[in-house]
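S.K.: The structure follows.
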Amino acid sequence: MICILTIAVGFIAVHFFKMLRLYLVLMEHRISFGRFILLYLRTTFINLIIPFKLGELYRVEEIARVTKIWQVGFLSVLVDRFFDTLALLCVLLPLDLILRGGISVITIVFLVALFVITLVYLAIPASYTYLNRYLIMRKTSGRALMALRGLDIVKSWYDFTHELITGRSALIVAASFLGWGAEIITLRALSIWMHISFGLGDFASYIEAVLLKGESSLLETYTRMGAIALLILTILGYVSYLLYHRKERA
């Protein structure tokens, strides 16, 4: 009974913190909280039932539709994934070093990906200023004009990204850490309920199974239970939303 209660509370906590993280990313676009909850529930459900995280494409489309800015749809999901992966990496790296005695492949992939993305993000402002001045002062060809347009597009994407995280980075990181902490506790409770072994040392293997669709009875059960719970919550959310607006119109 205690395990089931822990699983239920943990599952709610996991998605509360994940939803909070995405809300913090999008809060400047003033999506009503009720509408945002429905967006999160339906996109998370789709993402859970489609393999290899391809459901993120649906989330991109939905956020773009709601905000009416397609760049925000893509960049908000990218920023959400970045901070989620950053927190996950901070969990995996010490576990690898302490419990495994080495760095796992998935941790190396995350390290390289985050390093490249961070390097590109930090390099854009100075590179834009220098290249823009260089092209304007020394080049007059058609290719130079095309390069200038390309630079302006890159700068506009940087500005969109900067707007999504300015002043909220620490809160987004905190929500990411809390979400992963809640997920580890939930997985541990689920493993006890299923009578299978799952310790901190098995967490990297679990993440590898998530990304590569490897075989894991814990992952299969967690995904199945999560999909059912999210489907129920999504239906209840839409029913509540419709009843609320019907009552307001009456």
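S.K.: Give the angle, between 0 and 90 degrees and rounded to the nearest 10, that separates the Cα long axis of helix 70-95 from the longest principal axis of the Cα atoms of the chain.
M.R.: Relative to the chain, helix 70-95 is tipped by roughly 60 degrees.
S.K.: Given only helices, namely DSSP H runs of n ≥ 4 each adding -39500 (n - 2.57), what is the per-residue ellipticity at 222 nm of the chain, to the nearest 500 deg cm²/dmol?
M.R.: Result for the chain: -29000 deg cm²/dmol, rounded to the nearest 500.
S.K.: Cross-link candidates for residue 155: which aspartates and glutamates have Cα within less than 17 Å, leaving aside residues fewer than 8 places away along the same chain?
M.R.: Answer for residue 155, where 17 Å is the Cα cut-off: 163, listed by chain and number.
S.K.: Taking the Cα centre of segment 176-250 as origin, sum charge times position over the Cβ atoms of Lys and Arg (+1) and Asp and Glu (-1), and report the length of that vector in debye to the nearest 20. Intermediate values should be presented prior to the final figure.
M.R.: Details: 6 positive and 6 negative charges, 104 e Å.
About 500 debye.
S.K.: For Rg and Dmax of the Cα atoms in Å, the choices are [x] 22.0, 104; [y] 21.2, 74; [z] 20.4, 90; which was calculated from the structure?
M.R.: Of the labelled values, this structure produces [y].
S.K.: Can you give me the angle between helix 33-49 and the longest principal axis of the chain, using Cα atoms only, in degrees from 0 to 90, rounded to the nearest 10?
M.R.: 80 degrees
S.K.: Looking at segment 46-145, which trypsin sites (Lys or Arg not before Pro) are in a loop (DSSP not H, G, I, E or B) and have at most 11 other Cβ atoms within 10 Å? The partial results should precede the final answer.
M.R.: Details: sites: 53, 59, 65, 68, 81, 100, 133, 138, 139, 143; in loops: 68, 139.
Counting only loop positions with at most 11 other Cβ atoms within 10 Å, the trypsin sites (Lys or Arg not before Pro) in segment 46-145 are 68.
S.K.: To the nearest 10 degrees, how steeply does helix 203-212 sit against the main Cα axis of the chain, on a 0 to 90 scale?
M.R.: Roughly 60 degrees, rounded to the nearest 10.
S.K.: How high is the relative contact order of the chain, in percent, counting Cα pairs under 8 Å that sit 6 or more residues apart?
M.R.: About 35 percent, as a whole number.
S.K.: Normalised by the residues of segment 46-167, what does the relative contact order come to in percent, with Cα pairs under 8 Å and at least six apart?
M.R.: Relative contact order comes out at 21 percent.
Where a number appears in this text, it was derived from the coordinates with a stated rule and is not lab data. Model, not experiment: these values are computed from the prediction. Heads up, the Cβs are rebuilt from the backbone with ideal geometry, glycines too, and the neighbour counts pull from every protein chain shown.
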